[in-house]
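Below is one structure, written out as structure tokens; comments come after it.
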Amino acid sequence: MKKVISLFLALVLCLSVTACGSKAATESDTGKTDAGNTDTAKGEEQDKDTSGSGDELAIDVALGYSEPHSMDPTLATGADQFEILFHMSEGLMKFAAIEDTVSGNDNQYSSEVVCGQAESYDFDEASLTYTFHLRDDIFWSDGEKVTADNFVYAWQRLVDPKTAASNGTLLNNIVKNATAITEGTMEPSELGITAVDEKTLTITLENSCSYFLDMCTHYGLYPLRQDVIEANGDTWTEAETFISNGAYVMTDWVHDSYIELTKNEKYYDYANLGPSKITFHLSDSETSNMAAYQSGEYNFVSGIPTDQIESLIASGDAYSNPRLNVTYLYLNCKTIPDWRVRAAITLAIDKENLVTNVTQDGSTAATGLIPNGVTNSENKVWTDAVGEVMYAWLQEKYPDYDLSTYSGRCELAKVLYDEAVADGWDGSATMEYKFNTSDTNKAVAEAVQSDLSGILEAKVTLGNIDSAGYTETISKGGFHLARLGYGITFNDAIGYYQLFGTNGNFEYSGWSDANYDKLVEQASTMQNGPERDKVLEEIEQIMYSENGFSVCPLYYASYVYCMKDLQNTFYSAISNLTYFGYATK
């Protein structure tokens with residue numbers, strides 16, 4: 001386990017360091033940063049192996065997801081959309097391959113953050129202002145130049161409350177006026193982003209943010225064409241009208257079947273791209289996807305049937321990559337209003353069993369909300385620094401139960417549940433567990449159902465929803481338990497805490513706590529350091545104390561995949577995605 005965490009930490013630190021200063025982005029004493037030396041990115045080296053690349057290479061990929069929720073970068077909600085969008089669109093910064101390989105696969109490289117559409121940037125610490133200088137050779141797929149105004153429009157659209165984007169609060173407490181705009185007290189035009197001219201963009205921060213450059217890889221911050229969106233409305237993301245500024249362009253989208261991409265002739269590194277065509281197959285059936293892979297129809301699959309993972313990894317036919325992601329359950333505070341019931345559910349679920357006997361993919365049992373790989377200001381792994389925060393308050397309040405063991409947790413779970421029943425909770429009522437369709441999610445749901453039935457004698461029914469409409473459905477409530485997995489694109493615990501509470505953009509459990517909200521806002525404005533670490537730790541302690549337990553972390557997920565007949569792919573542990581743009585046979 002320590003070896004896995006060490007590898008993950010190395011990958012995360014690589015991203016954090018290179019964004020602030022390395023061979024790809026070196027800051028001088030004057031503050032001038034030249035991050036445009038794309039020759040350092042492995043995918044863009046002229047002497048790379050090109051055997052099997054070019055017009056003859058077409059690859060087929062199944063990511064284990066069905067129809068995407070949206071291919072609009074502003075409205076996209078998950079890793080499945082990001083993984084496809086990442087091939088078609090590019091932000092100010094991007095991920096690029098480095099020489100290190102991942103998880104023993106010599107054909108997949110790790111990555112770092114380098115400049116994308118920006119050629120270089122300056123940072124003025126006194127005014128907290130970034131100035132990005134755009135490349136001269138960036139174009140949209142229809143031949144129009146990419147301009148600074150395209151970024152201004154996209155960022156303002158993201159924070160506009162009328163857009164109602166799930167990631168609308170992404171820039172809150174970071175970019176000037178973002179919070180006031182999302183709260184409706186200022187206009188989107190007042191966001192701290194300005195197009196000085198066609199090739200110069202200034203972004204003024206509200207507070208110091210060590211991970212800001214990492215954030216600039218986020219799909220919500222990709223540039224957009226206002227004319228295309230306004231002319232086509234909600235249908236602008238269809239293949240006929242989708243305009244790309246990245247390496248690939250969408251040429252076909254057969255809904256509920258596949259999305260086909262081909263090389264973008266206007267992309268600045270077109271000459272070095274690999275596949276002429278990448279087809280993403282839209283299916284959440286892990287069994288059928290694996291069968292297509294084994295028959296030679298697909299080159300790459302992620303999301304593998306749980307009963308095959310262990311043997312495939314052991315034989316070297318599958319790989320398990322570290323992933324900055326936590327899978328958790330929402331425990332709805334409206335349908336489960338008694339915190340003791342929510343705490344009992346949290347205690348009764350055997351998380352070690354989930355990763356050992358259900359997922360079997362290298363995931364690790366959760367001890368709190370923040371996954372392995374996130375570090376504090378002293379570069380200590382967060383989970384090591386804070387311990388089993390999910391049970392800490394309960395252990396102090398109920399010292400007679402050993403919560404370091406599953407048996408001890410089950411004993412307390414039963415006590416809390418029986419207390420709640422005695423005080424009015426209807427123990428005979430049936431609770432509804434919602435999950436987005438996949439074989440793994442179903443297996444996890446069945447294991448949780450068994451735990452709650454066996455330990456609490458609680459009745460739980462299971463209901464699956466297709467991925468395309470899943471987050472929208474659970475955002476409306478109406479469930480008791482609902483599964484979600486979430487990963488952030490930067491190394492900071494605040495990225496998870498901002499999801500929840502009164503102002504949380506992913507607060508689907510209906511939980512609210514004024515002190516929690518206050519501390520999240522405070523931590524968002526503090527300089528990185530030990531004092532901020534203490535505030536962040538206190539935030540999570542509130543989540544798992546009396547009147548809390550609205551979120552039950554299950555496990556820190558891994559990224560399991562099979563790949564054959566491909567070389568020169570690269571992987572981002574921060575964003576949980578594989579890039580195929582420079583792949584070769």
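The values are calculated or read from the model by the stated rules, or taken from the named source; none is laboratory data. Worth saying up front: this structure is predicted, and the values here are computed from it rather than measured. Quick reminder, even Gly has a Cβ in these numbers, built from the backbone with ideal geometry, and neighbours come from all protein chains shown. To get the accessible areas, we keep the full protein, side chains included, count just its heavy atoms, and leave off ligands, DNA and RNA. Shrake-Rupley method; radii C 1.70, N 1.55, O 1.52, S 1.80 Å.
Answer yes if at least one residue in region 96-106 is assigned to a helix (DSSP H, G or I), within 22 Å of Phe151 (Cβ to Cβ) and touching a strand residue (DSSP E or B) at 6+ places or on another chain (Cβ under 6 Å), and no otherwise. Let's see the steps before the verdict.
Step one: of region 96-106, the residues assigned to a helix (DSSP H, G or I) are none.
Scanning region 96-106 turns up no residue that is assigned to a helix (DSSP H, G or I), within 22 Å of Phe151 (Cβ to Cβ) and touching a strand residue (DSSP E or B) at 6+ places or on another chain (Cβ under 6 Å).
If a residue counts only when it is basic (Lys, Arg), which helices (runs of 4 or more DSSP H) contained entirely in region 360-449 have at least 2 such residues?
406-422
Please verify whether Phe506 is touching a Ser or Thr at 6+ places or on another chain (Cβ under 6 Å), open to solvent by less than 10 Å² (accessible area, probe 1.4 Å) and touching a residue at least 40 places away in the same chain (Cβ under 8 Å), treating the condition exactly as stated.
Answer is no for this residue.
Considering each residue of region 509-527, count those that are touching a Gly at 6+ places or on another chain (Cβ under 8 Å) and surrounded by 20 or more Cβ atoms within 10 Å (Cβ to Cβ), and give that number.
3
For Ile309, work out the one condition from (1) under 25 Å from the mean Cα position of the chain (by Cα); (2) open to solvent by 10 Å² or more (accessible area, probe 1.4 Å) it doesn't fulfil.
Unmet condition: (2).
Please go through region 326-362 and pick out each residue that is among the polar types (S, T, N, Q) and either open to solvent by less than 10 Å² (accessible area, probe 1.4 Å) or farther than 28 Å from Trp382 by Cα (or both). Show your work before the answer.
First, the residues of region 326-362 that are among the polar types (S, T, N, Q): 327, 332, 335, 346, 353, 356-357, 359-360.
Result: Thr327, Asn332, Thr335, Thr346, Thr359.
Just to be sure before I move on: is Gly487 open to solvent by less than 10 Å² (accessible area, probe 1.4 Å) and in contact (Cβ under 8 Å) with a residue 24 or more places away in the chain in the structure I sent?
no
Pick from Val114, Val152: which is at pLDDT 95 or above, outside any strand (DSSP E or B) and β-branched (Val, Ile, Thr)?
Being at pLDDT 95 or above, outside any strand (DSSP E or B) and β-branched (Val, Ile, Thr) holds for just one of Val114, Val152, which is Val152.
How many residues are modelled with pLDDT of 95 or more and either touching a strand residue (DSSP E or B) at 6+ places or on another chain (Cβ under 9 Å) or open to solvent by 10 Å² or more (accessible area, probe 1.4 Å) (or both) when one looks only at region 548-560?
The number of residues fulfilling the criteria is 7.
So, in region 204-234, how many residues would count as being within 16 Å of Ala148 (Cβ to Cβ) and in contact with a Leu (Cβ under 9 Å, 6 or more places away or on another chain)?
Adding up the residues that qualify gives 5.
Just a yes or no: is a residue in region 179-196 on the phi > 0 side of the Ramachandran plot and touching a Pro at 6+ places or on another chain (Cβ under 9 Å)?
yes
Being part of a helix (DSSP H, G or I), in contact with a helix residue (DSSP H, G or I) (Cβ under 8 Å, 6 or more places away or on another chain), of a type in the set (Asp, Glu) and closer than 27 Å to Ala79 by Cβ: is that true of Glu352 here?
Here the answer is yes, as Glu352 does meet what is asked.
Just give me the residues in region 426-453 being without any contact (Cβ under 8 Å) to a residue 40 or more places away in the chain and either surrounded by fewer than 17 Cβ atoms within 10 Å (Cβ to Cβ) or not aliphatic (A, V, I, L, M) (or both), in sequence order.
Hits for region 426-453 are Asp426, Gly427, Ser428, Ala429, Thr430, Lys442, Glu446, Gln449, Ser450, Ser453.
Just give me the residues in region 490-503 being touching a Ser or Thr at 6+ places or on another chain (Cβ under 7 Å), open to solvent by less than 10 Å² (accessible area, probe 1.4 Å) and not hydrophobic (A, V, I, L, M, F, W, C), in sequence order.
Gly501
Among the residues of region 385-425, which ones are among the charged types (D, E, K, R) and open to solvent by less than 30 Å² (accessible area, probe 1.4 Å)?
Across region 385-425, the qualifying residue is only Arg409.
Just to check your reading of the model, which residue among Ser311, Ser363, Ser276 is free of Cβ contacts under 8 Å to residues at least 60 places away in the same chain and among the polar types (S, T, N, Q)?
Ser311
For region 450-479, how many residues are assigned to a loop (DSSP other than H, G, I, E, B), under 24 Å from the mean Cα position of the chain (by Cα), closer than 30 Å to Ala420 by Cα and not hydrophobic (A, V, I, L, M, F, W, C)?
Of all residues in region 450-479, those assigned to a loop (DSSP other than H, G, I, E, B) come to 457-458, 466, 475-479.
Add one more test, that the residue is under 24 Å from the mean Cα position of the chain (by Cα), and what stays is 466, 475-477, 479.
Of the ones still in play, those that are also closer than 30 Å to Ala420 by Cα are 475-477, 479.
Next cut, not hydrophobic (A, V, I, L, M, F, W, C) only: 475-477.
Selection size over region 450-479: 3.
Suppose the filter is touching a residue at least 12 places away in the same chain (Cβ under 8 Å), more than 26 Å from Phe506 (Cα to Cα), buried (at least 21 other Cβ atoms within 10 Å of the Cβ) and among the small types (Gly, Ala, Ser); does Gly373 pass it? First the steps, then the outcome.
Working: touching a residue at least 12 places away in the same chain (Cβ under 8 Å): yes; more than 26 Å from Phe506 (Cα to Cα): no; buried (at least 21 other Cβ atoms within 10 Å of the Cβ): yes; among the small types (Gly, Ala, Ser): yes.
So Gly373 does not fit the description; no.
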